[in-house]
Amino acid sequence: MENEAECVRQILKKHGLSDEGLQKADAGFRNTVWLTDTAAVKIYGKDCGDGAAIERWIYRDVRPSYAPELLGEGEEYIILRRIRGESLFHLWYQTDTGTRRQYIRQAGDIVRQMQSLMFPEKDLFRVPADWKTELYSRMETLLARLAAIPDSIPAELAENIQRYITENSCVLNDTVLYPVYSDLHFDNLLVDESGRMWLIDYEMMEAAPRDFLLDVWHRMLVHPFTYASEEDHEHTKSEDYTEITAWLREEVPELFAHPDLQRRVNIYSLLYELDLLTEYPGAAWPIGRIRHWLAGDRPV
C-alpha cells in the first residue's frame, strides 16, 4: 500500500499537484482510485483495454459540462478535479420523492447532452458493420458456453432465450450506432455539495443504438442493488426505483420512441444476464431477471 501511495505522490508531483490528504478510495472494480483534497487519481487496471483511450477522449477532447475537469494524464492514469459529493445511490434512499424527481431531471439533461456525441475521427470505437448480427453472435456464443457448464442455467430457460431472440430479431433491424454510455447507473452519477450532478467513469462507452443505455435502468427496476456499493446495499429497495424510467421518459421522450422498445431492451438485458452467468454460473439473480425479461412484465 505504501509503495502504491508513493507512486501516486510521484504522479501528482509530476503534474504540479498537491498530495495533501492523500487516501485510497473505496471505489472501482477494475481500477484503483486515490483522492487528495483537490484531485482524484485513477490508475487503470490491466483489463481496461480501449476504455482508457475512450475515457481520455471524453475528458480531454469532448470536455462536457457534466464531466469533472481533467488535470493531467499518463499512459496508465488520469487525474481529475475532485468532486466533493455523494453517489446518487447513496443519496436516493435518504431523499423524498420531490428531490428524487429533481435528480432524474438532472440525469435526463445529461442524457440529452450525450445524445449529441458523434464518433471521433480517430478509431477509438470499434463500430461493427452489422451490429445486430454481432450482438446475436455474442449471445449464441454465451449460450454455447453456458451449455458446457453444468448447472449454469436451466435447460428450458436457455431454450426460451433462444426462441425469444430468434422470434424477435426483426426489432433490431436498421440500427443506427452512436457513442453510448452503457453503464449509466446511479453509482456513476455524483451529486456535489451544491446539488449539481456529474457523470464519471467513461470506460464502458461503446458503439450502440441510443436506447441501449435503457438496459441499466430496466435492471434497476428489478434489482437496483446490482450496482449499489456494499455500504448502500441494505438501504437499496426496489420499491424506491419504480418511477425512474417513467420520469426519464418525461425528460428524454425521444429515447423511448421506438415502437418495439420493450422487446429491444429485453434483448439487451438478456445479453447482460448471459454474460453475467458465465462469470457466476447458476446465480439466482440473473436467472430470476431473465424470467422477468422473457415474460415482459417489467415495462420500460
- Rounded FRET efficiency, nearest 0.05, which uses the C-beta distance separating E193 from R101 and R0 of 22 Å: 0.60
- Report the dimensions of segment 208-253 along its three principal axes from the alpha-carbon atoms, largest first, rounded to Å. 32, 22, 14
- Item | For peptides 12-22, 53-63, sequence by mean Cβ density within 10 Å, most packed first | 53-63, 12-22
- Message: Just to check I understand the Karplus step: with θ = phi - 60° and J = 6.51 cos²θ - 1.76 cosθ + 1.60, what whole-Hz values come out for segment 65-70, glycine and proline as x?
- Response: 5, 8, 9, x, 6, 7
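Per 0.36 nm of contour for each residue apart, how much would the distance between E134 and K13 grow if the chain were fully extended, relative to their Cα-Cα spacing?
Here the answer is 39.1 nm.
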- Query: If you line up the long axis of helix 261-279 against the longest principal axis of the chain, both from Cα atoms, how many degrees apart are they, to the nearest 10?
  - Reply: 70
- Query: Kirkwood hydrodynamic radius of segment 81-121 from all distinct Cα pairs, in Å?
  - Reply: 12.3
- Task: Determine, from the Cβ-Cβ distance of E254 and H233 and an R0 of 45 Å, the FRET efficiency 1/(1 + (r/R0)^6), rounded to the nearest 0.05.
- Result: 0.85
- Query: If we sort 66-72, 191-197, 203-209 on the protection proxy, mean other Cβ atoms within 10 Å, highest first, what's the order?
  - Reply: 203-209, 66-72, 191-197
- Query: Lysine pairs, Cα distance under 24 Å, 8 or more residues apart or cross-chain: how many in the chain?
  - Reply: 11
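Net charge around L142, counting only other residues with Cβ within less than 10 Å of its Cβ (Lys, Arg = +1; Asp, Glu = -1)?
Around L142, the surrounding residues sum to -1.
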- Message: Translational diffusion coefficient of segment 119-273 at 37 °C, 0.692 mPa s, Stokes-Einstein with Kirkwood Rh over Cα pairs, in µm²/s as a whole number.
- Response: 188
- Over 22 Å [Cα-Cα, segment 74-167], rounded percent: 65
- Message: Helix 155-167 against the longest principal axis of the chain: what's the angle in degrees, Cα atoms only, rounded to the nearest 10?
- Response: 90
- Which Rg and Dmax, in Å, describe the Cα atoms of segment 97-139? 16.6, 44
- Message: Restricting the calculation to Cα positions, tell me the Rg (one decimal) and the Dmax (whole number) of segment 111-211 in Å.
- Response: 17.7, 52
- Note on the structure: Of segment 129-172, those with amide N under 16 Å from the point 7 Å along the Cα→Cβ vector of D275 are 131-146
- Query: Per residue Cα convex hull volume for segment 1-81, in cubic angstrom?
  - Reply: 98
- Where q = 0.14, 0.21 Å⁻¹, what log10 of I(q)/I(0) comes from the Debye formula for segment 23-122, counting one point per Cα? -0.68, -1.25
- Message: Restricting the calculation to Cα positions, tell me the Rg (one decimal) and the Dmax (whole number) of the chain in Å.
- Response: 19.9, 60
- Quick one: what does P(r) look like for segment 185-263 with 5 Å bins over all Cα pairs, in whole %? 3, 12, 19, 24, 24, 13, 4, 1, 0
- Item | Overall Cα dimensions of segment 17-62, principal axis frame, Å, largest first | 31, 24, 12
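None of the figures in this text is laboratory data; all of them are computed from the coordinates on show. Being a predicted model, the structure only gives us computed values, none of them experimental. Positions of Cβ are backbone-derived with ideal geometry, glycine not excepted, and every protein chain shown enters the neighbour counts.
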